[in-house]
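Trainee: I'd like to ask you about the structure that follows.
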């Protein structure tokens, strides 16, 4: 049993980093989606559409691949045409079998006929094909649907991440569009209290587009989880600028002047967003290894794939500006990420599970590089966190028994409430 536990954790950790690689590639291409590649006179978006279409055709298992621009009905929650991350109607990552992978990488649609890979699309084919295989290897049977039969022991584990999906959904919805679930998906809030202090951020068009996509993806995640388990109402969330300022002051060990405001600019917002998806994805890695049912594992693997993508895109956008100083503080973006990661490690009380964008070379991938656009251990495998560790971080005080931070009245669900009462 111990060997199975380690194997599942390994696969989930691999999935997190592979999904992140694909997400960074997609984000870099998305920023240039309408640019014509010369001498062909074909846009970047058209290239990705054509590559995705041929992978679907070769895989011979339906739609499991999408380009960067899709019909609106195919976008997250049917609300947006931008597709910076691929996902199904719940914004869950797609899964492929080994047979499907071979049909694609052999280039002929036949897993029994070895052949060459399409070299021009290697950068796109490798990460998404590999990460899709990792999704499917995390389940046991039916790859096409989520079963209605969920083991009793899995229910609480599947409900717990609703807290973080609520947090992300409200933060991203308000920042990009000025309103939250109560405007766009009131049934998902289930009568829970409105968040405190959330508001529209001062974002440039590109960042606003990306954050709106994240918002609708999180709405899809809420729907996907609540379709599988009963769930609970939205907890009270504190998204006031003052709360983010307190977190940042704690990270730096001194008061920043003026107080940090996540809504003031696109760069401020990306730095603030650095605080959220990564905590959630480490929780999904930790959860996956404790699940019993194949449907539960499939759901969490799909959630993990897209959440890892969100975190990777945020990190990628910040990495491009790593040595830029955020004004008026005169502090580089890289130092902000280092301080936030150090704080999360300290609050979690379980050693190094978080890293900034620039690290000592020995800590980089294979000890060869200081750039750290994606977080991973010595094998470049994603870190795992338990619900207890996550509560210590999001409560802001390093104590799972003491509510605070983003959840002033505590997180919801039996796991979170068991520490409060």
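Trainee: Over 17 Å from residue 284 (Cα atoms), free of Cβ contacts under 8 Å to residues at least 24 places away in the same chain and not in a loop (DSSP other than H, G, I, E, B): is that true of residue 342 in this structure?
Mentor: No; evaluated as a whole, the condition is false for this residue.
Trainee: Hey, which of the helices (runs of 4 or more DSSP H) in the range 171-254, taking only ones fully inside, have at least 3 residues that are crowded, with 20+ Cβ neighbours inside 10 Å? Give the steps one after another, and end with the answer.
Mentor: Details: elements: 181-184, 186-189, 205-228, 241-252.
Because the criterion is at least 3 residues that are crowded, with 20+ Cβ neighbours inside 10 Å, the helices (runs of 4 or more DSSP H) in the range 171-254 that meet it are 205-228, 241-252.
Trainee: Right, something else. Out of (1) over 20 Å from the mean Cα position of the chain (by Cα); (2) within 25 Å of residue 415 (Cα to Cα); (3) part of a helix (DSSP H, G or I), what's the single condition that is false for residue 292?
Mentor: Failing condition for residue 292: (3).
Trainee: Take the residues in the range 353-370 that are without any contact (Cβ under 8 Å) to a residue 24 or more places away in the chain and assigned to a loop (DSSP other than H, G, I, E, B); name whichever of them is nearest to residue 390 (Cα to Cα).
Mentor: This residue is 355.
Trainee: Might you check whether a residue that is more than 15 Å from residue 159 (Cα to Cα) and either in contact with a helix residue (DSSP H, G or I) (Cβ under 7 Å, 6 or more places away or on another chain) or at pLDDT 95 or above (or both) occurs anywhere in the range 290-298?
Mentor: Checking the range 290-298: not a single residue is more than 15 Å from residue 159 (Cα to Cα) and either in contact with a helix residue (DSSP H, G or I) (Cβ under 7 Å, 6 or more places away or on another chain) or at pLDDT 95 or above (or both).
Trainee: I've got another one for you. Would you be able to say whether some residue in the range 1-11 is modelled with pLDDT under 95, more than 21 Å from residue 99 (Cβ to Cβ) and assigned to a loop (DSSP other than H, G, I, E, B)?
Mentor: yes
Trainee: Of all residues being within 18 Å of the chain's Cα centre (by Cα) and in a loop (DSSP other than H, G, I, E, B) in the range 66-79, which is surrounded by the fewest Cβ atoms within 10 Å (Cβ to Cβ)? Just the residue, please.
Mentor: 75
Trainee: Considering only the range 27-44, state which residues are assigned to a helix (DSSP H, G or I) and either under 14 Å from the mean Cα position of the chain (by Cα) or more than 19 Å from residue 84 (Cα to Cα) (or both).
Mentor: The answer is 27, and nothing else.
The values are calculated or read from the model by the stated rules, or taken from the named source; none is laboratory data. Keep in mind that this is a model prediction, so the values were computed, not measured. A quick note on method: Cβ atoms are made from the backbone with ideal geometry, for glycine too, and the neighbour counts reach across all protein chains shown.
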